[in-house]
Amino acid sequence: MFNIFKLALRNLRRYMRRTLLTSSLITLGIVAVLLFVSISGSFKSMMVGQITDSMLGHLQVHRKGYLASIDNLPLDRNLKGKQIKVVEEALEKDKNVAAYSMRIKLGAMFSNYTETTNIRLNAVNPEQELKTVPMLAERMIEGKKEGLVAKGEILVPELIAKGMDVKLNDSIVLVATNKDGSVNGQPFVVRGILEGISGPGGRDGIIHIDDARALLRMEDKEVSEIAIRLKKIQSMKDVFANLDTTLGSLKNQMDKPVFEVHTWEKLSPFFNIARMIDLMTLFIKVMLVAIVLVSIMNVMIMAVYERINEIGTIAAMGTSPNKILALFIMEGFLLGLLGTLSGVLISLLAIGAMNISQISFDFGRQEGLLLSPSIGVAEVLTVSLIVIAIAVLASLQPAWKAARMDPITALRHV
Amino acid sequence: MAMVVAKQLKKTYRSGDIDVQAIQGVDFTIQPASFVSFVGPSGSGKSTLLNMIGCLDPPTAGSLQVVGKDISNLNRQQAAKFRGEHIGFVFQDFNLIPVLTVFENVEYPLQMVQNWPREKRRKRVQELLEAVGMGDQGHKFPSQISGGQKQRVAVARALVTNASLVLADEPTANLDSTTANHVIELMKKMRDEFGTTFIFSTHDPRVVNNAETIFTLEDGKLLQGKGGNHV
């Protein structure tokens, strides 16, 4: 094998310019793929992190049918005492669950005593909420972050704060209608201003869950949703499957399902953007495969054509067809390897440089997002292996042709 | 045991719609350690005959024994193995591998075909290079040596595997007179030293004059010989 390796390497050196050009093309493809994967991956994970860690959590449990009418924030589809207990028991049993938070979602009128507007609110238990969405406090652009929110306090979304000219410690009134149609109002002190972010719930205000119950005159401990944080996001699919089986199978007296479980992917429209990014990544990978396939095949066809006489000579000397096959496949393999190694090296250096230079960008209303591209070993290995495998595959046809060549015809070739 | 025995050997090629009878039932025997030349005009079948003896091309009919083995029906792998073990080739254009040094070119059949161990291989290659007067040129690449030197290297490469038979197709065609004579002398010396049989296909009178057996071919038939069994 070493002899074939040595001979293949020498042949690549013989046509140095062609070798460099071909491997540069592969390098370019690898760099494009790895940089795209690392940058889009960084953007994706940042957005996913922001969505799951400051709004949605990884999973949510609702009463069946709640999600379909979530735009209306219905109060008649809340989970009630016994149902909440069932969910709590299921969550406590699951070792992958890090925390969960009970929420009441409601719509209300927001008054600063001179003007009124409508507001969507998330009523939470601050302790549970901070454990479930730990980045929520980071979204507070004004106000004291510790403890998130206390009874009688409200975190006002940035847009409403600006529009209604509301500042910290101002007093405001929330007026809400409960599920029976009864209207009630309650004063609140502005505890903080919340930065608005893209996605569902990204522009909601926050109050204490006990205040929501009082405002809505809830006698039972109802909740609209239970947001769940997992120890590792990678376990999301397993936990989802588990909860979906456990809770999804429970039926009410009318033999209809009681609960619905959703991952953040189902809840956030960003998932479609993430899928689009994945699709673009796949497309770029297909392009890379095409580049490698065509360039290596072209080079190897040329290599065989230029060395017909040489193939005849080594065949005449008794070199077995298998060894001739291996020789040309090795050349393709080395070309792919050379392009891959330099591509990976350049990509890693570029990723390092981008991290050092702290590039920031704006996305929607969010400004100064820090680009921190990173790439996993698995992704690098996958791309490298695909390229090398394609390089070998592309060499097969020319190598086969060389191995099957009739020595006499080859020796006669000028 | 005879080195080559051909009986009613025939070779027919298909050229377009026509069957071309390149060799038309020849019989001959070549003894070990002989210096044999096939001569004849272009298209007479010299190279075809050499290709058949060298297991590069199977006969259409008849029998052909080389080194005591019937080689008429060998498949590609078997033919390659047989060539690697028993036959050396010397070509008109030397056919050295340009990316290998002189030493590595001679080493190639031992390394890539016969898988000799490194130390034994290197010793054998150096011996052969010394024998052909190229002992101090092993590090050079083919592009750095003259035509005569290249042919010496080719002879060393043909003999390095202890091949009992060397087939040389126009080995002196691309050499000047002096160099050609040196190469012929070298091959004779190798024949004497190693007992190798040399079979030439040539037009060159210098080679023909040195041959002990001459087979003349015309239109695929043997006409006459010197010192052989065809007169």
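The values are calculated or read from the model by the stated rules, or taken from the named source; none is laboratory data. The structure displayed is predicted, hence computed values, not measured ones. All Cβ positions, glycine included, derive from the backbone under ideal geometry; neighbour counts span all protein chains shown. Surface accessibility is based on the protein's heavy atoms, side chains included, excluding ligands, DNA and RNA. Shrake-Rupley method; radii C 1.70, N 1.55, O 1.52, S 1.80 Å.
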Problem set entry | A:N3 versus A:R404: modelled label distance in nm, points set 7 Å from Cα along the beta carbon direction | 2.6
Seminar exercise, completed: Once the dipole of the protein assembly as shown is set up from charges on Cβ (+1 Lys and Arg, -1 Asp and Glu), the residue from the list A:I197, B:G147, B:A131 lying farthest towards its positive end is B:A131
Exercise. Short version: which residues of region A:1-26 lose at least 50 Å² of accessible area, all chains versus chain alone, 1.4 Å probe?
Worked result: A:N3, A:L7, A:R10
Exercise. Could you work out the helix-only [θ] at 222 nm for chain A, with each DSSP H run of four or more residues adding -39,500 (n - 2.57) and the total divided by the number of residues, to the nearest 500 deg cm²/dmol?
Worked result: -17000 deg cm²/dmol
Problem set entry | Cα-centred dipole magnitude for region A:201-299, charges only on beta-carbon of K, R (+1) and D, E (-1), debye, nearest 20 | 400
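Where the accessible area of the protein assembly as shown is counted over protein heavy atoms with a 1.4 Å probe, how much of it, in %, is carbon and sulfur?
Its accessible area is 56 percent carbon and sulfur atoms.
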Exercise. Going toward the positive end of the dipole of region B:4-226, with +1 on Lys and Arg Cβ and -1 on Asp and Glu Cβ, which of B:F28, B:Q78, B:I199 do you reach last?
Worked result: B:Q78
Exercise. Can you name the helices of chain A, as whole DSSP H runs, whose Cα span along the helix axis is 30 Å or more and whose Kyte-Doolittle mean is not below 1.6?
Worked result: A:270-306, A:321-356, A:377-403
Seminar exercise, completed: Quick calc, the protein assembly as shown, dipole around Cα centre from Cβ unit charges on Lys, Arg (+) and Asp, Glu (-), nearest 20 debye, gives 1180
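Can you pull out the buried accessible area for chains B and A, both sides counted, probe 1.4 Å, rounded to the nearest 100 Å²? Don't skip to the answer; put the middle values down first.
Details: alone 10740 and 21000 Å², together 29340 Å².
Summed over both sides, the interface buries about 2400 Å².
Suppose only helical runs count, i.e. DSSP H with n ≥ 4. What mean residue ellipticity at 222 nm does that imply for chain B under -39500 (n - 2.57) per run, divided by all residues and rounded to the nearest 500 deg cm²/dmol?
Details: 7 runs with 77 residues, N = 231.
-10000 deg cm²/dmol, from helical runs alone.
With the cut-off at 1.5 for a/c, could you classify region A:116-239 from its C-alpha gyration tensor as rounded, prolate or oblate? Show your work: numbers first, answer last.
On the way: a/c = 1.88, a/b = 1.24, b/c = 1.52.
Since a/c reaches 1.5 but b/c is at least a/b, the shape of region A:116-239 is classed as oblate.
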Exercise. Classify the protein assembly as shown: rounded, prolate or oblate, from the alpha-carbon gyration tensor (a ≥ b ≥ c, eigenvalue square roots; a/c under 1.5 rounded; otherwise prolate if a/b is larger than b/c)?
Worked result: prolate
Problem set entry | Solvent-accessible area per residue for the protein assembly as shown (1.4 angstrom probe, square angstrom) | 45
Exercise. Which net charge results when you count Lys and Arg as +1 and Asp and Glu as -1 among the other residues whose beta-carbon is under 13 Å from that of A:G318?
Worked result: +4
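Taking 8 Å as the Cα distance limit and 6 or more residues as the minimum spacing, I'd like the relative contact order of region B:4-226 as a percentage. It would help to have the intermediate numbers written out before the result.
Values: 440 pairs, mean separation 66.4, N = 223.
Once normalised by length, the contact order is 30 percent.
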Seminar exercise, completed: Interface call, region A:319-357: threshold 30 Å², probe 1.4 Å, accessible heavy-atom surface of protein chains, chain by itself vs complex, result A:T319, A:P321, A:K323
Problem set entry | Spin-label model distance (nm) - B:I18 vs A:T177, 7 Å beyond Cα toward Cβ | 10.3
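Grab the other residues whose beta carbon is less than 15 angstrom from that of A:P407, score K and R as +1, D and E as -1, and report the net. Kindly include the intermediate steps, with their values, before the conclusion.
Details: positive: A:R307, A:K323, A:K401, A:R404, A:R412, B:R76, B:K81, B:R83; negative: A:E310, A:D406, B:D57, B:D93, B:D169.
With Lys, Arg at +1 and Asp, Glu at -1, the neighbours total +3.
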Exercise. Ignoring ligands, DNA and RNA, how do B:S15, B:S37 rank by accessible area with a 1.4 Å probe, largest first?
Worked result: B:S15, B:S37
Seminar exercise, completed: Counting other chain Cβ atoms within 10 Å of each Cβ in B:89-95 and taking the mean gives 4
For this session: Report the label-to-label distance for A:Y305 and A:N322 in nanometres (one decimal), using points 7 Å from each Cα along the Cα→Cβ vector.
Result: 3.1
For this session: Among B:N174, B:I53, A:L282, flag the residue with its Cα farthest along the positive direction of the charge dipole of the protein assembly as shown, charges on Cβ as +1 for Lys/Arg and -1 for Asp/Glu.
Result: B:I53
Exercise. What is the Cα convex hull volume of region B:4-226 when expressed per residue in Å³?
Worked result: 125
For this session: Report the calculated FRET efficiency for B:N209 and A:S45 (r = Cβ-Cβ distance, R0 = 60 Å), to the nearest 0.05.
Result: 0.10
For this session: Take every DSSP beta bridge whose two residues both sit in region B:126-231, then give the antiparallel share in percent to the nearest 5.
Result: 45
For this session: May I ask you to derive the relative contact order of chain A, considering only C-alpha pairs under 8 Å and at least 6 residues apart, and to give it as an integer percent?
Result: 25
